[in-house]
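Values quoted throughout were computed directly from the atomic coordinates according to the rules given, and no laboratory measurement underlies them. Predicted model, so just to flag it, every value in this text is computed and none were measured. With ideal geometry, Cβ positions are generated from the backbone for all residues, glycine too; neighbour counts draw on all protein chains shown.
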Ligand code: SAT
Ligand code: MN
């Protein structure tokens, strides 16, 4: 195969990696439909992929991963900076030279018997100022087809790169060489102790080994667009955040842009595609996971979505919770670890209806019946809780017409949050940017299925929902937010904190989903200074229950939702103080000031 580029650095790197990993052949990817169809046909042939019913789910495929390879592995994710302090206390760290020696040992001959694919991709519209070019080398055809949807893979990327353009090298291997004649596994991968998701932010380099799943393997997403980009952005004066971006338009046509950070599997995709219940107000989606933001010439902060698709959590996605996500994966989609029904469609738990035919093939590739119990009498789930759909953003019926505008959209509102079944009220507003940064930095959540290796923790502080994705010291991360506030001055977005998830026993108190638009509208009204708010020790909150007007929502429930339990908050502040102490002298002074102010307000 001829080499479709003259970029010297790229050619030399591909040669160097091929010499180390010894693939059977090198395949340069062009992102074409022909390439997609060819790889899918090959994977159907080997049994790795299942072609879904063309009438029900056109041009769509299902995969089952190995049961040991179902989510990101935070315990095997590394930020390898020269000093441990620069990676900070929230990241795993190994000296970069030492890590490279270990990983070179693993990479040696690791692609034997497999092709190595070269995937040139752009995060952000190709050629835009804010876009970044990456090249992923991988021995996984599953990665290639997913990258087609999630990033922009095309020969045009090589054109933009030219002979001496810069790119971010992303090396990936499933870590499972094939001896001659050896039968391949359905989902090749390496055991957990050999998995490494390594980042070298000082040289914009990514090395991933041993996992074929999601963020471990589709290196444009968490590895490039968050970990490497957050470090690069800090050096260059922009930000990479774990945020959805949406446009909320009022009946008069005024547009507000909201960016919201929640940890993985806390409903970013649902909020991004929300069906507003407020008459005349409508939501359009710009992104569901990642925002890159830069101050514009007018002094406001502009955001783009660097991705081209959604890698959304399947379970819980239904006509009720997120019809727009369902529409996005109604064709041209890839499903991983869901149930394949008898008539070759897909199903997952809480899809809103029973599994057609009563069962199918479950995520472990076994025959499965809905309602089936295991030896302990627990119901066997058909889909893995972190099962995913890979869908094209352009198929989302409410995708914003400006979602690919290289200039981005000006952000009016930041929202932080997490899953808390108690204590945290439905919504509160920061008094100013600095308190907002405190809210973001002390955001906390009960763990979700996206991070299964966290063990039995009940609550996790997750600053800016970026704990697993910060490419540098978390204390410096907070400082970067304070600095951005200073730069933006009175053009800075207003900051809010939300929690949709308070429970009364098993019942969620707030109905959530579409009704969350009421909360977003309140935020927009606050931006306009149209509504009053009450000052409380933790921030500003809506007056009475104006937010629930026209809704059948009991006053007692509203009171519970909005209660500021001072004792509980005093305890939370102490926990936050202890958490923050781990940043030592990298903790910004402004954070300590905010802690003290909050303590004083709580009395
Ligand atoms: O697997 S991913 O890292 O892409 C999804 C997530 O955990 O947010
Ligand atoms: Mn995410």
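What the table below lists for this structure:
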{"quantity": "Cα-derived Rg to Rh of segment 310-394, Kirkwood definition", "calculated": "0.97"}
{"quantity": "Three-way shape call for segment 46-170 based on the alpha-carbon gyration tensor, with the a/c threshold at 1.5", "calculated": "oblate"}
{"quantity": "On Cα atoms only, tilt of 566-581 relative to the major axis of the chain in degrees", "calculated": "40 degrees"}
{"quantity": "Relative contact order %, segment 167-238, counting alpha carbon pairs below 8 Å whose residues are six or more apart", "calculated": "32 percent"}
{"quantity": "Separation of the residue 202 and residue 432 label points, Cα + 7 Å toward Cβ, nm", "calculated": "3.7 nm"}
{"quantity": "At R0 = 22 Å, FRET efficiency that the Cβ-Cβ distance of residue 12 and residue 166 yields, to 0.05", "calculated": "0.95"}
{"quantity": "Helical contribution to [θ] at 222 nm, DSSP H n ≥ 4, -39,500 (n - 2.57), averaged over the chain, rounded to 500", "calculated": "-7500 deg cm²/dmol"}
{"quantity": "Descending semi-axes in Å of segment 1-76, equivalent ellipsoid built from Cα gyration tensor", "calculated": "30, 21, 12"}
{"quantity": "Degrees separating the helix 589-602 axis from the principal Cα axis of the chain, which is the longest one", "calculated": "40 degrees"}
{"quantity": "Relative contact order, percent, the chain [alpha-carbon distance under 8 Å, six or more residues apart]", "calculated": "15 percent"}
{"quantity": "25 °C / 0.890 mPa s Stokes-Einstein diffusion coefficient of segment 195-290, Kirkwood radius on C-alpha pairs, µm²/s", "calculated": "162 µm²/s"}
{"quantity": "Extent along principal axes [Cα atoms of the chain; Å; largest to smallest]", "calculated": "71, 55, 49"}
{"quantity": "Inter-probe distance in nm under a simple model that places probes 7 Å from Cα toward Cβ, at residue 602 and residue 83", "calculated": "3.3 nm"}
{"quantity": "Residue 527/residue 298 FRET efficiency (R0 25 Å; Cβ-Cβ; nearest 0.05)", "calculated": "0.90"}
{"quantity": "Order of 500, 13, 347 under a 10 Å beta carbon neighbour criterion, fewest first", "calculated": "13, 347, 500"}
{"quantity": "Cα-derived Rg to Rh of segment 492-598, Kirkwood definition", "calculated": "1.01"}
{"quantity": "Helix axis angle, 516-528 relative to the chain longest principal axis, alpha carbon, degrees", "calculated": "60 degrees"}
